[in-house]
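Beneath this line is the structure, given in structure tokens, with notes to follow.
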Amino acid sequence: MSDATIADWDGDFFDEAVLTNPEPFYAELRARGPLVRLSRYDVLAVGRYQETYTIFSDWKRFVSSRGVGLTDFKKEKPWRQPSIVLEVDPPEHTRTRTVLNRALSPGAVNRLKDTFRAEAEALIDRLLEVGTFDAVPDLAEAFPLKVFPDAVGISPEGRENLLLYGSMVFNALGPDNAPRRAAMAHAPVVVPWINQRCAREAITADGFAATIYQGVERGEVNEVEAGMLVRSLLSAGVDTTVTGIGSALWCLATNPDQYALLRADASLVRPAFEEVLRFTSPVSAFCRTANQDTEVSGLFIPEGSKILCMLGAANLDENKWPEAHRFKVARKPTGHLAFGVGIHGCVGQTVARAESEAVLSVLREKVATIELAGEPVWQANNSMHLLKSLPIRITRA
Ligand code: OVM
């Protein structure tokens, strides 16, 4: 084994100016080598495609059970009871993942497509009447906040808590900075609300949550675990899709030639969304923890090292993606890491695609032009690259 030492860098990913504009950080990270040590946080960081792929897919050496944020669950108490699917390794992971795989299966998601489409039509018809609006609250948040909790099977009231909870979950992966503290301030109200929504008596008879609870009858999970898996859906399914849809609108508003291509060819809806994911990486970074002394690309990684895996940087690596910094709806970026890779790869990606494809399909049919009506504003978040505000103007086709 080679034991070359990983060089230090004092770059600060969790600075609010970097979180809202991460590209320069990503570029410097890739330029500095396969791995760097971020001295401020005493974590390793990886941002080239190949090594990010290697570390993210190797669940034996680089575990999730010690947490996927900066906190090492072996040394510090997590802010909430760990997720029983995200923050575990096989064999525990295999059992819970099976239950989620079934609940979010292609068949289950296919049955929702007509509803997603009808909701997208109703929403975009209303927005065409208005013309100029903020695409973050009025579209990117409005659409998932309607269709996703309906699909899970949770009651309509209090849904604004879902965004507040998502903000806690994703900011909690970072250090104790201002975005994390602002999000956590809502915990006393939001955490009990979420936990109540996950209970068997609170869910509807026909959603993803009901399928998860069928895992109890099948002897795969107990009732407490089923509630925890519903919590996973509510943790991971809202902010991510809000960000994906918002970033799609941002990409199209700022690349009118690419929107014209999409308008001309319905078969580009799916690849266009994959390119949005590659180009913007809604989840910017998750950690893994080295569970043994090991090496990657000839560099020594001591046991216990946290490794910040910069999916956003890997998705912009010029060595993997020619013209990586251009948004091209026809690129078909197979192998992008926006959904992760390996056993922990996004279990809800079929739902995410169905939601975004409903929105993009209706958009390309009904909307002739999308343009900025003001400056886009990004929201500092410790593990997501998301918009706070996107003023746009749309015209009818
Ligand atoms: C969870 C979960 C799963 C994926 C992502 C996520 C950090 C949470 O199981 O709670 O966001």
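The values are calculated or read from the model by the stated rules, or taken from the named source; none is laboratory data. Fair warning: this is a prediction, and the values are worked out from it, not measured in the lab. Cβ sites come from the backbone with ideal geometry, for glycine too, and all protein chains shown count toward neighbours. All accessible areas refer to the heavy atoms of the entire protein, side chains included, with ligands and DNA or RNA removed. Shrake-Rupley method; radii C 1.70, N 1.55, O 1.52, S 1.80 Å.
Taking every DSSP beta bridge that has both ends in the chain, the antiparallel portion is near 80%.
In segment 93-182, which GluC sites (Glu not before Pro) are in a loop and have at most 13 other Cβ atoms within 10 Å, using DSSP for the loop call?
For GluC sites (Glu not before Pro) across segment 93-182 that sit outside H, G, I, E and B with at most 13 neighbouring Cβ atoms in 10 Å, the list reads Glu157.
Suppose R0 equals 51 Å; then what is the FRET efficiency for Thr204 and Asp176 from their Cβ-Cβ distance, rounded to the nearest 0.05? Taking R0 as 51 Å, the efficiency between Thr204 and Asp176 is 0.85.
Work out the length of the dipole vector of the chain about its Cα centre, built from +1 on the beta-carbon of each Lys and Arg and -1 on the beta-carbon of each Asp and Glu, and round it to the nearest 20 debye. Intermediate results must be reported in sequence, preceding the final value.
Values: 43 positive and 50 negative charges, 108 e Å.
Dipole about the Cα centre, nearest 20: 520 debye.
Averaging over all projection directions, the Cα-based convex hull of segment 318-397 occupies 7.3 nm² in the image plane. Taking 0.890 mPa s as the viscosity and 25 °C as the temperature, the Stokes-Einstein diffusion coefficient of segment 232-344 based on its alpha-carbon Kirkwood radius rounds to 156 µm²/s.
What value, in deg cm²/dmol to 500, does the helix sum -39500 (n - 2.57) over DSSP H runs of n ≥ 4 give at 222 nm once divided by the residues of the chain? The partial results should precede the final answer.
On the way: 17 runs with 182 residues, N = 397.
Rounded to the nearest 500, it is -14000 deg cm²/dmol.
Bridgeable lysines around Lys306 (alpha carbons under 17 Å apart, same-chain partners fewer than 8 residues away excluded): Lys60, Lys74, Lys75, Lys77.
Our estimate of slack between Arg40 and Gln196, defined as 0.36 nm per intervening residue step minus the Cα-Cα distance, is 52.3 nm. For the chain, the solvent-accessible area works out to 40 Å² per residue, with a probe of 1.4 Å and every protein chain left in place.
Computed from label points 7 Å out along Cα-Cβ, the spacing between Leu261 and His325 is 1.9 nm.
Candidate cross-link partners of Lys328 among the aspartates and glutamates, defined by an alpha-carbon separation under 16 Å and a same-chain spacing of 8 or more, comprise Asp257, Asp265, Glu274, Glu275, Asp317, Glu318. Electrostatic tally near Arg40: other residues with Cβ closer than 13 Å to its Cβ, Lys and Arg +1, Asp and Glu -1, net -4. The reciprocal of the average 1/r between distinct C-alpha atoms defines the Kirkwood hydrodynamic radius, which for the chain equals 21.5 Å.
Partner lysines whose Cα lies under 25 Å from the Cα of Lys146, excluding those fewer than 8 positions away in the same chain, are identified as Lys113, Lys366, Lys388.
Only alpha carbons enter this Debye calculation for segment 16-167, each as an equal point scatterer, and the log10 of I(q)/I(0) it gives at q = 0.13, 0.18, 0.19, 0.21 Å⁻¹ is -0.99, -1.24, -1.25, -1.28.
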